[in-house]
Amino acid sequence: MTKPEHSTRGGPAVPSRWVRRFLPLIRPGGRVLDLAAGGGRHSRLLRAHGYRVVAVDRDVAGLAELAADAGCEVVALDLEDGRPWSLGGGYDGIIATNYLHRPLFPDLVRALAADGVLVYETFAVGNERFGKPSDPAFLLRPGELLEAFGSILTVIAFEQGVAAEPRPAAIQRIAAINSAARESLPPLPPAGAN
């Protein structure tokens, strides 16, 4: 489950632009689940913005420094072992990047609080041209995130295609809100938001 965390400059991994763009939609000071947190690039970003974080990964070695932070709960958990969802609910935000385990999709929706925000970004079919992952089981089909979440959550933004940074990759992204009031949408954060 641990995902590669790298920087083209050799330093610490940089948070996803997609995550940074939609972070302001999450309730200030809210509780956020960083799913498959890896080395903690998004957990650190969330903490820097005052969010309470639950950082989950099968291998939490890269999260050791965050474990000392009272605002960050680090949970070692294999999300793919078939056991029922054990991460609770009421999350004001859920962040998932570079990770795909389709059976968790319904759990993610149920774990969101009212007006909670899902920000999801991972690899899609076509990524095999650029490297790993290349197994179709780990690549989203065209429109799959939109299909999985679009009829349940209020979609704020959706993209799919080839991204040039941080390295060329075929990706799919969605930002969606668990909102019953679908007619009252928040303003979109600017595309260049960091």
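The values are calculated or read from the model by the stated rules, or taken from the named source; none is laboratory data. This one's a predicted model, so the numbers in the text were calculated from it and none came from an experiment. Neighbour counts are summed over all protein chains in view; Cβ atoms, including those assigned to glycine, are modelled from backbone coordinates with ideal geometry.
Yes/no per residue for (1) within 27 Å of Ile156 (Cβ to Cβ); (2) loosely packed, with under 14 Cβ neighbours inside 10 Å:
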site	(1), (2)
Leu25	yes, no
Pro28	yes, yes
His42	yes, no
Asp81	no, yes
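Could you look through the stretch 110-147, keep only residues that are in contact (Cβ under 8 Å) with a residue 60 or more places away in the chain and not small (Gly, Ala, Ser), and pick out the one that is nearest to Asn178 (Cα to Cα)?
Once the filter is applied, the top-ranked residue is Asp115.
Which condition breaks for Ser86 when tested against (1) under 24 Å from Val14 (Cα atoms); (2) of a type in the set (Ser, Thr, Tyr); (3) modelled with pLDDT under 95?
That leaves (1) as the condition not met.
Can you find even one residue in the stretch 48-61 that is buried (at least 18 other Cβ atoms within 10 Å of the Cβ) and acidic (Asp, Glu)?
Checked against the condition, which is being buried (at least 18 other Cβ atoms within 10 Å of the Cβ) and acidic (Asp, Glu), the stretch 48-61 yields at least one hit.
Does any residue of the stretch 127-146 turn out to be loosely packed, with under 14 Cβ neighbours inside 10 Å, within 16 Å of the chain's Cα centre (by Cα), within 28 Å of Asp78 (Cβ to Cβ) and not hydrophobic (A, V, I, L, M, F, W, C)?
no
As an exercise: evaluate Ala76 against (1) surrounded by 17 or more Cβ atoms within 10 Å (Cβ to Cβ); (2) under 20 Å from Leu35 (Cα atoms); (3) at pLDDT 95 or above and give the number of the one condition it does not meet.
(1)
Among the numbered conditions (1) within 16 Å of the chain's Cα centre (by Cα); (2) touching a residue at least 12 places away in the same chain (Cβ under 8 Å); (3) not in a loop (DSSP other than H, G, I, E, B), tell me where Glu73 comes up short.
Going through (1) within 16 Å of the chain's Cα centre (by Cα); (2) touching a residue at least 12 places away in the same chain (Cβ under 8 Å); (3) not in a loop (DSSP other than H, G, I, E, B) one by one, Glu73 breaks only (1).
Answer yes or no: is there a residue in the stretch 122-133 that is among the charged types (D, E, K, R), farther than 20 Å from His42 by Cβ, assigned to a helix (DSSP H, G or I) and modelled with pLDDT under 95.
Yes.
Please indicate, with yes or no, whether at least one residue in the stretch 90-102 is among the hydroxyl-bearing types (Ser, Thr, Tyr) and within 12 Å of the chain's Cα centre (by Cα).
yes
Give, as residue ranges, the helices (runs of 4 or more DSSP H) completely inside the stretch 1-68 that count at least 3 residues that are modelled with pLDDT of 95 or more and within 21 Å of Ser179 (Cα to Cα).
In the stretch 1-68, the matching helices (runs of 4 or more DSSP H) lie at 17-22.
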